[in-house]
Amino acid sequence: MHMYSNISLPGFKGIIIKEAVEVKGNYHLHVEMERRAHHCPAEECGQMTEKVHDYRVQKIQHMKIFARPATVYYRKRRYVCDCGKRFFEENELVDRYQRQSREFKQTMAIELIHGKSFKDVALRLGTSPTTVMRRFDEVEHTHLKETKELPRIIAIDEYKGDAGGERFQTIIADPVNRRPLEILPDRKKETVKEYLKKYGGKVEVVVMDMSHSFKAAVDQALNRPIVVADRFHFVRYIYWALERVRRHVQKDFSDYDRKKCKRMKHVFYKRNGKLTEKQQWYLDRYLGMSDYMRKAYELKEAFCVWFDRAKETGEHDLAATREGLHAFYSLVGQSGVTEFAKVTETFRNWQKEIMNSFAFGLHNGYIEGINNQTKVIKRNAFGFRRFDRFRLRILLHHQYKQINGRLT
């Protein structure tokens, strides 16, 4: 089958398609460039020449055409200058010393950025996983936008990456513009501190979980900036305390009620006003079986009422929010529920940071979303041994995940 030279295919700019043949389910394209004058690449020459020294046919792997694997047979010219210099013609089809077309490599890079595993991309494009990994390593130097300076507000969190010999890695993000900035190889205080010292000259506000290691690193590196405790991380202390009470109390129930209480544990965590009739029945049943459990549940509900009111008033009435928190402390002290007493000790140690969460309206919700996507990418790849590749996969995915065309 012959194709006219004016048919346009992606990646064939300036290419003349001489023949297209289907061979055993594969598409073979025989192409060449239009003959034209070239500058001699010799430093001391540079004159124009159209003299052809010889032709060579180069076999190039290309992306699929009409759902069939495509191979390009490029008949390329080698020109010769009067100075004796021989050189190949310029083209936009394939880079020097490469066996895959530029369009093929673009497709590979976009597939990787969209979260596919190395093996999956290799199977889809008909190449080897090692080739895909080499191509991905090239992307690091050409497309990744490295963060040279951190913004005024940053968020810090950890996630379980199991890469580079470390179980946890640290991610730093911009919670205002919603973009990841950097991934550190571990969650050690010294690692975080050294990075913040180097790039955090403008940082004034840091959103983080209630980690003493992160807090120490931030204070030492940034000269005590404003630290905002993430709401999810301090609220979960309340639910952890309630869960400890439930586990302790249900041990004294009958075998049936102990198992049923465990299965229905969600009724204790759900807000009272959102319970169904059946859920309310089970809640009343088990709270009626333990006065200690009832007190713990009432403390949870009291905290939720304070939390909802604090979110509504925000920075406009911090004094009332602080008074409400102190009233909750008093309520816990009067209840005698030791599990919640331990929570109030933690809250007192982090009270300034907790109040900052309402004063600034900042949280780590976006960075938790990044961590969820990170887990999916990690699971698709069955884990990463090399931290540098894992870091690249995450940062490139979020920088270019909206792209559908070529990388520029």
Review point. Of the cross-linked pairs Lys24/Lys401; Lys59/Lys378; Lys188/Lys342; Lys160/Lys342; Lys193/Lys270; Lys160/Lys202, which ones have a Cα-Cα span greater than 31 Å in the structure shown?
Key: Lys24/Lys401; Lys59/Lys378; Lys193/Lys270
Point to revise | Nearest-20 debye value, the chain charge dipole, Cβ charges on Lys, Arg, Asp, Glu | key: 1320
Practice item. With only alpha-carbon atoms counted, please give the Rg and Dmax of the chain, in Å. Key: 31.3, 101
**Study point:** Using alpha-carbon coordinates, inclination of helix 365-380 to the longest axis of the chain, degrees
**Key:** 60
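Sorted from fewest to most neighbouring beta carbons within 10 Å, what does the list Cys45, Cys40 look like?
Values: Cys45 14, Cys40 20.
With the sparsest Cβ surroundings first, the list reads Cys45, Cys40.
Taking square-rooted eigenvalues a ≥ b ≥ c of the alpha carbon gyration tensor, is the range 1-137 rounded, prolate or oblate, where a/c under 1.5 means rounded and, failing that, a/b exceeding b/c means prolate?
On the way: a/c = 2.70, a/b = 1.58, b/c = 1.71.
Oblate.
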Exercise for review: Return P(r) of the range 20-84 (all Cα-Cα pairs; 5 Å bins starting at 0; whole %; ordered from short to long distances).
Suggested key: 4, 17, 19, 15, 12, 11, 10, 7, 4, 1
Practice item. Would you look at the GNM of the chain, springs on alpha carbons closer than 10 Å, and say which of Phe382, Phe214, Phe136 moves the most? Key: Phe382
Study note, to complete from the structure: Cα-Cα longer than 25 Å, checked against Lys76/Lys105; Lys116/Lys197; Lys13/Lys148, kept in input order, equals Lys116/Lys197; Lys13/Lys148
Review point. Pairing the Cα long axis of helix 291-313 with the longest principal axis of the chain, what angle in degrees results, from 0 to 90 and rounded to the nearest 10?
Key: 60
Practice item. For the range 173-193 and the range 43-97, compute the distance between their C-alpha centroids and round to whole Å. Key: 45
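Quick one, can you get me the convex hull of the C-alpha atoms of the range 331-387 expressed as volume per residue in Å³? Intermediate results must be reported in sequence, preceding the final value.
Numbers: hull volume 9.3 nm³, N = 57.
Dividing the Cα hull volume of the range 331-387 by its residues yields 163 Å³.
Here, each number is a calculation from the coordinates, and none is a lab measurement. Keep in mind that this is a model prediction, so the values were computed, not measured. When we count neighbours, we look across all protein chains shown, and the Cβ atoms used for this are built from the backbone with ideal geometry, even at glycine.
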